[in-house]
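Notes for the one structure printed next.
Here, each number is a calculation from the coordinates, and none is a lab measurement. These numbers come from a predicted model, not from an experiment. A quick note on method: Cβ atoms are made from the backbone with ideal geometry, for glycine too, and the neighbour counts reach across all protein chains shown.
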Amino acid sequence: MICEEITDFAAALPAGKAIAGLDLGDKTVGVAVSDRMLSVASPLETIRRRKFTLDAARLLQIASERDLGGFVLGLPRNMDGTEGARCQSTRAFARNLERLTPLPIGFWDERLSTVAAERALLEADTSRKRRAEVIDHVAASYILQGVLDRLAHIGQGQ
């Protein structure tokens, strides 16, 4: 089930389950997961994209292993708020994933999440090589933390 609004996503979430945040790129998918209390996002891994069926299989494996209750995909809007080709690609990915899982799928405006992740890694004095390895799943954790903060605000993160 695809939820356009975060409030609909919150209503569809099963109680006591963690959720995953995804940062979809052309070559990688950054994955972060929350705790079961829906309070803290943690970077998990970066999946090298090959083809949808393989990428989705890994995501569903993570969902199964971690008993996840839903997925949130970062929606890469343009800085003026409009949706371009990358948003269309993200929405297509969500539609394809929806066919494979009953878990709710939501979207979160991810503008500047990669910039924030890069800044945090620079402040931590992370080497260029290490930044390249972790940037996608760190960006996913920024996306997911935004969702978790919003869920707490609307009373779902208790």
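Assuming R0 = 41 Å, can you tell me the calculated FRET efficiency for the pair residue 45 and residue 82, based on Cβ-Cβ distance, to the nearest 0.05?
On the way: r = 31 Å, r/R0 = 0.76.
So the FRET efficiency works out to roughly 0.85.
Give the order of 34, 89 when sorted by the count of other beta carbons within 10 angstrom, beginning with the fewest. Could you put the intermediate results ahead of the total?
Details: 34 27, 89 14.
Fewest-to-most ranking of 34, 89: 89, 34.
Report the local net charge at residue 97: Lys and Arg +1, Asp and Glu -1, summed over other residues whose C-beta lies under 13 Å from its C-beta. Walk me through the numbers on the way to the answer.
On the way: positive: 58, 91, 95, 99; negative: 55, 98.
Cβ neighbours under 13 Å give a net charge of +2.
Whose amide H sits under 5 Å from the amide H of residue 73, counting only residues 5 or more places off or on another chain, with H placed in the peptide plane?
22, 106, 107, 108
Going by how many other beta carbons lie within 10 Å of each one, how would you line up 153, 137, fewest first?
Details: 153 10, 137 24.
The most exposed by this proxy come first: 153, 137.
From the phi angles alone, apply the Karplus equation (6.51, -1.76, 1.60; θ = phi - 60°) to the range 83-98 and give each ³J(HN,Hα) in whole Hz, x where the residue is Gly or Pro.
10, x, 4, 5, 5, 4, 5, 5, 5, 5, 4, 4, 4, 5, 5, 4
Arrange 55, 26, 149 by Cβ neighbour counts within 10 Å, fewest through most, would you?
On the way: 55 20, 26 7, 149 13.
So the ranking, lowest neighbour count to highest, is 26, 149, 55.
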